[in-house]
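Structure record follows, encoded as structure tokens.
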Amino acid sequence: MANAGARTRAVAAEIVDAVVTGGQSLDAAIAGNESRVAPNDRSLLRMLCFGTLRNHWRLQSWISELVSRPLKRRDSVSNALLASGLFQLVDTRIPDHAAVSQTVEAARQLRKPKLANLLNACLRRFQRESLSAKPSDDEEATWNHPRWLIEKIRHDWPDDADAILAANNERAPLWLRSNTSRQSAAQYRDRLAGAGIASTCLEGVPDAVRLDEPVAVDELPGFAAGDVSVQDAAAQIAARWVMADNPVRVLDACAAPGGKSGHLLELGNDDLELVAIDNDPGRVDRIRENHDRLGVHATIRLGDASKTGEWWDGKPFDAILLDAPCSATGVIRRHPDIKLLRRASDIESLSALQGTILSALWPLLVPGGRLLYATCSVLAEENNDVVQRFLETNDDAIESAVLPNNNIRDLMRRKACGYQVLPGTADMDGFYYACLVKKVS
């Protein structure tokens, strides 16, 4: 048992190190390594990885006090292991003796026996001196965010910044989308209750069901048959907004992994003609897999949304969903590696790309049609600013501020252009939406 626990901690440290020093995404690092631990240890593995990255700056501030000289770069995995050990002592229910002994043993499994004594001394000193109780004047350590992102959030959301930063550090709940073509959210809640799974619905987001406690997807009634999908409630707002006027021909641009396009198809009737595109071959395969599970059909194409001449057939669309590539700063609680992998310089280039794609897709829309611009960012530079610039340079575009239903009004913040859901609002992720309509000449 101890060896299994030590092995899980060693693999977790390697995954964390792959993100922190290797620049790999957490999802990719876990996918490439979780098979190295037993299936019943994988929930512990994920908890250690997510928790250590979520608390990165606080943990590193403690390490700087505990280690007189910084560990060498070749020992970066030991730094990740020490951070994981500290996380276990402070933020988990793992007994202290197990956290210490198995973290130290993990150093030996990582072939770092000389560092095992250092880790043991650091963890025991941390306990002895109660370092976790000492307040920090380091804003990065306090909020577990890089300074540049703290500053941007404070600039864009001066009255809400603390709440956003705190929400980003919470564990995300498991939201489901009931397949409305088969049953209502309330009916699916009854199915969950029959399986002993407690859940709640959210007024204003008709298909959303939130589990009180997460469960594996294979435990969800009807998941394999396409009766339900995993999707945050804030992301579910998109499809009903696009389908409000019952469009016949719809484009889902940047569609992978297929959650929103699946929702569009669930809401549409047999006449709906949906085209879904993405520029990543692997992610296009994910769209197909998700559609196959749901039993729905769309025209799926590999294509760059900014280069419409390479994939568009010349037939205009009644509605377009542009889920634009973005910083993903609204979904940090689901992807804590974003805080480590994103750079301040990324935001300007992403904003430019978003404007380019928006301008490229606009000519594909019929007069009177609607384009819903969406991101999972909370930064004005990617949201309000992009839409405002577009409206200023396109006389045939106007914003429609009419919401798909008034029950979501209190869930969204009205901006100069568009609406923002802030992370943590009704326990949802952060999403931005702006609905643009093409004037009829």
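The values are calculated or read from the model by the stated rules, or taken from the named source; none is laboratory data. The structure displayed is predicted, hence computed values, not measured ones. Note that each Cβ is placed from the backbone with ideal geometry, even for glycine, and that neighbours are counted across all protein chains shown. The area values use the complete protein model at the heavy-atom level, side chains included, leaving out ligands, DNA and RNA. Shrake-Rupley method; radii C 1.70, N 1.55, O 1.52, S 1.80 Å.
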Residue among 327, 349 that is without any contact (Cβ under 8 Å) to a residue 12 or more places away in the chain and either of a type in the set (S, T, N, Q) or touching a Ser or Thr at 6+ places or on another chain (Cβ under 6 Å) (or both) | 349
Within the stretch 339-366, how many residues are within 28 Å of residue 46 (Cα to Cα) and either open to solvent by 20 Å² or more (accessible area, probe 1.4 Å) or in contact with a Gly (Cβ under 9 Å, 6 or more places away or on another chain) (or both)?
-> 6
Of the residues that make up the stretch 134-150, is at least one in contact (Cβ under 8 Å) with a residue 40 or more places away in the chain, open to solvent by 80 Å² or more (accessible area, probe 1.4 Å) and under 30 Å from residue 88 (Cα atoms)?
-> no
Select from the stretch 175-214 the residues that are within 19 Å of the chain's Cα centre (by Cα) and open to solvent by less than 40 Å² (accessible area, probe 1.4 Å) and write down the one among them that is nearest to residue 334 (Cα to Cα).
-> 175
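Yes/no per residue for (1) touching a Phe, Trp or Tyr at 6+ places or on another chain (Cβ under 6 Å); (2) under 30 Å from residue 401 (Cα atoms):
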| residue | (1), (2) |
| --- | --- |
| 194 | no, no |
| 202 | no, yes |
| 210 | yes, yes |
| 217 | yes, no |
| 239 | no, yes |
| 261 | no, yes |
| 267 | no, yes |
For the stretch 58-94, how many residues meet the condition of being assigned to a loop (DSSP other than H, G, I, E, B) and open to solvent by 70 Å² or more (accessible area, probe 1.4 Å)?
-> 5
Quick count over the stretch 103-124, residues being buried (at least 19 other Cβ atoms within 10 Å of the Cβ) and under 16 Å from residue 90 (Cβ atoms), is 4
Test: residue 13 is small (Gly, Ala, Ser), open to solvent by 10 Å² or more (accessible area, probe 1.4 Å), more than 22 Å from residue 168 (Cβ to Cβ) and at pLDDT 95 or above = no
